[in-house]
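The values are calculated or read from the model by the stated rules, or taken from the named source; none is laboratory data. In this text, all values refer to a predicted model and were calculated from it rather than measured experimentally. With ideal geometry, Cβ positions are generated from the backbone for all residues, glycine too; neighbour counts draw on all protein chains shown.
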Amino acid sequence: MAPRNCEVREHDSAGNEVKLNLSEEEEEPQQVRAKVEDPEGLGSAPASTTAWRPTEPLFQKDRSADVILCSSDEFKFRVHKLVLSIASPVLRDSLTVQNGGIPDPLKLEETGEVLEKLLKLCYPVERPTWSSVSDVSSVLAAAVKYKMKGIIPSLRQELVLPRFLETEALHIFTIACRLGLNDEARIAVPYTLRGPVVSKPPIPELQSISGLTFHQLLEYREDCSKAAARLTRCPGQDRGLSVETGYGLPVLRKDVPRPTLRPTAQMWPVGGSLIWRALVLLYPQTLARVFQDLTAFSELLAAEVDKRVKKIADTYDFCA
């Protein structure tokens, strides 16, 4: 209540008007606040500013639930002891200590968002969606922690989705190493060749792996570099890719006629444009075939390099 001044006009016995200033309390307007109805105190929304809110009604309204899980950010989930016992031996052991009726909420270290996605994978409800590698890794880490063998394989597949490998390969590699998932580390490590691993400032993802794993990563990159160089080191040999340089460019076909004009490496820096114009005028069809061969060679070389680097990755145990 806030005080409010008001003016009152009265008359005295002589008929003169008298002004009186009185104060009275004014009732403050009530502030509208969002409130989740929760008559039994089992609701999901805590008094916090967390933007995330539960999305699966089953874990909020199911009256047949006999267990309550509480997340680190105070969200509560109504679940079933039988389902949790089957899904996780770790949670089963925690629940056997409590007997009779609905026990006190079991406090877990995971956030509400992670916990709900984990429960969705245990129940016959709509599966969770993943917007980033971090989304998958946090749920996967919880599944590994609680030894949920039934859902770990599917989460491992989600971790190495092509759309994630293309953009977050190093992040996936470090997550796999931290969780002891060597197969996923081997899948991700070839994609890390597309960018540096030593830079200033240091790449944050590398903080979560050991010095030995980082050394193996550098050693792997060196092995791949040597393997790629060996593919074209000896042109014309039967081993590896067959490469001829009749035009100063790598080609695959040996039956392409060679023009009399053959530019040398010393000529390219100063007369490259003139040489190409001469080739176009003198040998238009041959030059077209050169570009076709160059494109085919590039695709073949890329496929062979991919094959070699994946083969090298299979020789490493990044989680040792």
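Remark: pairs (first residue in the stretch 291-310, surrounded by 11 or more Cβ atoms within 10 Å (Cβ to Cβ) and at pLDDT 80 or above; second residue assigned to a helix (DSSP H, G or I) and hydroxyl-bearing (Ser, Thr, Tyr); Cβ separation under 9 Å; 6+ apart in sequence or on different chains) = VAL309/TYR220. The set of residues in the stretch 50-90 being in the same structural domain as GLU109 (by TED's automatic domain parsing) and of a type in the set (Gly, Ala, Ser) consists of SER64, ALA65, SER71, SER72, SER85, ALA87, SER88. For the stretch 151-174, the count of residues that are out of contact with any Ser or Thr (no Cβ under 6 Å at 6 or more places or on another chain), touching a residue at least 24 places away in the same chain (Cβ under 8 Å), surrounded by fewer than 13 Cβ atoms within 10 Å (Cβ to Cβ) and assigned to a loop (DSSP other than H, G, I, E, B) is zero. The number of residues in the stretch 175-189 being assigned to a helix (DSSP H, G or I) and either modelled with pLDDT under 95 or of a type in the set (A, V, I, L, M, F, W, C) (or both) comes to 8. Checking the stated criteria, GLY272 turns out not to satisfy the condition of being farther than 18 Å from ALA313 by Cβ and at pLDDT 90 or above. In the stretch 21-37, the condition of being modelled with pLDDT of 70 or more and either over 21 Å from VAL144 (Cα atoms) or more than 31 Å from the chain's Cα centre (by Cα) (or both) is met by no residue.
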